[in-house]
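What follows is a set of notes on a single structure, which appears directly below.
The values are calculated or read from the model by the stated rules, or taken from the named source; none is laboratory data. As the structure is a computational prediction, the values presented were derived from the model and not from experiment. Every residue, glycine as well, gets a Cβ built from its backbone with ideal geometry; the counts of neighbours run over all protein chains shown.
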């Protein structure tokens with residue numbers, strides 16, 4: 001009977017291949033765990049931290065206003081415009097205008113609001129945005145800095161645009177995904193939905209009017225004093241008015257384009 005002979009060299013080669021495969025599998029598993037942890041951190045942990053921080057800030061603002069210490073709203077009577085391409089994350093309809101101020105309270109309320117509160121400091125949270133349809137209630141801070149505003153779960157006010165209740169365009173930016181993602185579902189807003197902006201002196205109610213589902217990231221026209229897309233012809237307004245603009249990234253989990261929701265001021269009441 002012939003006895004099979006196992007060559008030592010072939011055995012060593014198989015052992016070496018087995019070690020390489022094992023080491024490769026360990027590396028792949030390790031990379032997979034690291035990537036999973038990064039995804040969990042971005043999609044869960046940053047949201048949890050930002051939402052908790054935003055809720056605490058809303059509560060702090062409410063306590064501050066109830067105590068009569070005031071907040072930090074702008075003292076400008078009208079909103080300025082921004083230059084083309086000046087938006088870091090800007091914004092259906094045709095250009096039939098919308099400059100009326102139907103249902104808005106007396107100008108004395110706006111004037112007293114302006115006089116009672118100094119211009120907000122950079123990154124200061126000074127107002128509260130409430131969107132009932134989305135169950136959203138978040139602070140509004142001055143500026144659109146990622147580290148000091150947006151990544152904290154706040155909504156950021158574009159510098160140079162109008163303040164709440166003022167003539168012009170009160171323009172805001174917020175994350176669509178991660179870091180609290182306050183604007184994740186603004187694509188669900190429909191014409192007629194209410195959006196409230198609270199300040200130490202007044203509550204301004206805007207009414208959703210139009211949506212621009214997608215435009216370029218550099219479309220600065222959507223946050224001008226009279227908002228009108230400089231990329232998508234026919235989207236926006238032609239007449240001065242009292243506007244609100246919400247901007248965020250689209251599609252979800254990308255920052256290639258911008259989604260824009262526009263509203264008009266419908267009413268204003270003192271606190």
Consider only pairs whose beta carbons are under 7 Å apart and that are at least six residues apart or on different chains; among these, list those whose first residue lies in the range 236-258 and is on the phi > 0 side of the Ramachandran plot and part of a loop (DSSP other than H, G, I, E, B) and whose second residue is at pLDDT below 95 and surrounded by 23 or more Cβ atoms within 10 Å (Cβ to Cβ). none
Of all residues making up the range 148-163, the number that are under 22 Å from residue 185 (Cα atoms) and part of a loop (DSSP other than H, G, I, E, B): 4
